[in-house]
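Chemist: What follows is a single structure, and I will ask about it in a moment.
Bear in mind that the values in this text are calculations on the coordinates, not laboratory data. None of these values were measured; they are calculated from a predicted model. Neighbour counts run over all protein chains shown; Cβ positions are idealised from the backbone, glycine included.
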Amino acid sequence: MVLVLSACGGGSENIAIGPAASETNNVAKLILQAYGLEDGDYKAYQEGFGDAADGVQDGNIDVSIGILGLPAASIESLQASAGDVKMLGLSDKAIEHIEKNSGYRRLTIPKETYDFLTEDIETVTAYAILMGSTDTIDEELGYEIAKSMIENASENTHAQAQQMTLENALRGAEGLLIHPGAKRYYEEQGLTVENEVAELTADATKRKKEFILGTGSQGGTYYPLGGEMANLWNKYIDGMNVTNTETGASVENLSTIRDGHMDLGMSVHVPALQALNGEAEFEGHEVKNAAFIGHIYPEVIQIVTREKTKIKSLGDLK
């Protein structure tokens, strides 16, 4: 297979920053700005992490930035193929810049996470959450989806499914409208829900049977995890048939829900807040018909290169 990667910019380093208009793309640019790197200072490859990892392996990409679960199977696969993967951490100054300008917060990746790590890695994290359309996900359906996320998580074989617990259920919900069905389920389980409740136009008596779940690229975490989530909903929720679809992830999913072409979408909680408030990518195009249903897993910024590039930190790219 020949991998064709499209690059933008005139710098000397080839950096994969995620698909255009994706949350990975947005936060990757913020990270690079923290090191004084602007558009044009590097060649930007706007690919999903799977294709980007192939590019790192083939030597076409020097550095790849991804938002992934811990551990990420795609990084483990890259190490198995390349044998010399190096993970780059963020400096204290860079983390301070990122925290000041986004909803991401510091996280330490323990060296035990990957076999190739020799030290802990400092980075930033957010939360992956499930958003549902208030136009097509009625109250009872929202209740059943939230219930399944918690009570059937043990049947989901993806590593990140273990993060879908009642204890974690409201992580990433702060500031978002919550789906009334999800709120009812969580309160029945003893959780305190302080979010404003979304208003629904969805009508259970007119519920459709086919639903679309927006995930992410096949090489990332969303697509395989979302596929298993959809399979469990199809198994346990009567009359519901969910198809998971590959997308550019958060921003595309939220925009597609807004436009009425998607029912459920996986997203980082940061762009979900921006969508609600009409900020950043959503300025002038806010998303008012999407509501929080549940937490999925922590989203961790992971930056990889290969030892042969001799890159020891993002500061080396300046």
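Chemist: Please give the contour-minus-distance gain from E196 to N277: 0.36 nm per residue of separation, less the Cα-Cα distance, rounded to one decimal in nm. Walk me through the numbers on the way to the answer.
Modeler: Values: separation 81, 0.36 × 81 = 29.16 nm, distance 1.39 nm.
Value of the extension gain: 27.8 nm.
Chemist: Another question, then. Helix check for the chain. Which DSSP H runs span at least 15 Å along their own axis by Cα, with a mean Kyte-Doolittle hydropathy no less than -1.0?
Modeler: Numbers: long enough: 23-34 (17 Å, 0.11); 139-151 (18 Å, -0.30); 222-236 (21 Å, -0.69).
Sorted by number, the helices that extend far enough and score high enough are 23-34, 139-151, 222-236.
Chemist: Okay, helix-only estimate at 222 nm for the chain: each DSSP H run of n ≥ 4 adds -39500 (n - 2.57), divide by all residues, round to 500 deg cm²/dmol; what do you get?
Modeler: Values: 9 runs with 97 residues, N = 318.
Mean residue ellipticity, 222 nm, calculated: -9000 deg cm²/dmol.
Chemist: For a quick check: sort T125, T247, T157, T136 by the number of other beta carbons within 10 angstrom, fewest at the front.
Modeler: Working: T125 18, T247 26, T157 9, T136 22.
Least crowded to most crowded, the residues run T157, T125, T136, T247.
Chemist: Just to confirm a number: summing +1 for Lys and Arg and -1 for Asp and Glu over residues other than V56 whose beta-carbon lies under 12 angstrom from that of V56, what do you get? Before the final figure, lay out each step's value.
Modeler: Values: positive: K86, R306, K308; negative: E47, D51, D54, D58, D62, D84, E307.
So the environment of V56 carries a net charge of -4.
Chemist: What net charge is computed for the residues neighbouring T243, neighbours being all others with C-beta under 13 Å from the C-beta of T243, Lys and Arg scored +1, Asp and Glu -1?
Modeler: Details: positive: K208, K209; negative: E210, E246, D263.
Charge balance in the 13 Å sphere: -1.
Chemist: Could you please report the charge total around D41, scoring K, R as +1 and D, E as -1 over all other residues with beta-carbon less than 10 angstrom from its beta-carbon?
Modeler: My count for the surroundings of D41 gives -1.
Chemist: Let me ask something additional. Per 0.36 nm of contour for each residue apart, how much would the distance between N231 and E174 grow if the chain were fully extended, relative to their Cα-Cα spacing? The partial results should precede the final answer.
Modeler: Numbers: separation 57, 0.36 × 57 = 20.52 nm, distance 2.80 nm.
Answer, rounded to one decimal: 17.7 nm.
Chemist: DSSP loop (so not H, G, I, E, B), at most 10 other Cβ within 10 Å: list which GluC sites (Glu not before Pro) in segment 276-318 pass both filters.
Modeler: On the way: sites: E279, E281, E283, E286, E299, E307; in loops: E279, E283, E286.
Qualifying residues, ordered by number: E283.
Chemist: Quick one: which of K206/K288; K111/K310; K100/K318; K147/K209; K183/K209; K206/K235 span more than 26 angstrom between C-alpha atoms? Each step should come with its number before you reach the end.
Modeler: On the way: K206/K288 21 Å; K111/K310 20 Å; K100/K318 22 Å; K147/K209 19 Å; K183/K209 23 Å; K206/K235 21 Å.
Among K206/K288; K111/K310; K100/K318; K147/K209; K183/K209; K206/K235, the Cα-Cα distance tops 26 Å for no pair.
Chemist: Shifting gears a bit: Explain nothing, just compute: Karplus ³J(HN,Hα) = 6.51 cos²θ - 1.76 cosθ + 1.60, θ = phi - 60°, for every residue of segment 152-165 in order, whole Hz, x for Gly and Pro.
Modeler: Those phi angles translate into 10, 4, 5, 8, 7, 7, 5, 4, 6, 5, 5, 7, 8, 10 Hz.
Chemist: Relative to the Cα centre, what is the charge dipole magnitude of the chain, using +1 at the beta carbon of each Lys and Arg, -1 at the beta carbon of each Asp and Glu, and rounding to the nearest 20 debye?
Modeler: Working: 24 positive and 49 negative charges, 66 e Å.
Here the chain has a charge dipole of around 320 debye.
Chemist: Quick one: K312, K183, K209, fewest Cβ neighbours within 10 Å first, how do they rank?
Modeler: Numbers: K312 11, K183 27, K209 7.
The fewest-first ordering by Cβ neighbours comes to K209, K312, K183.
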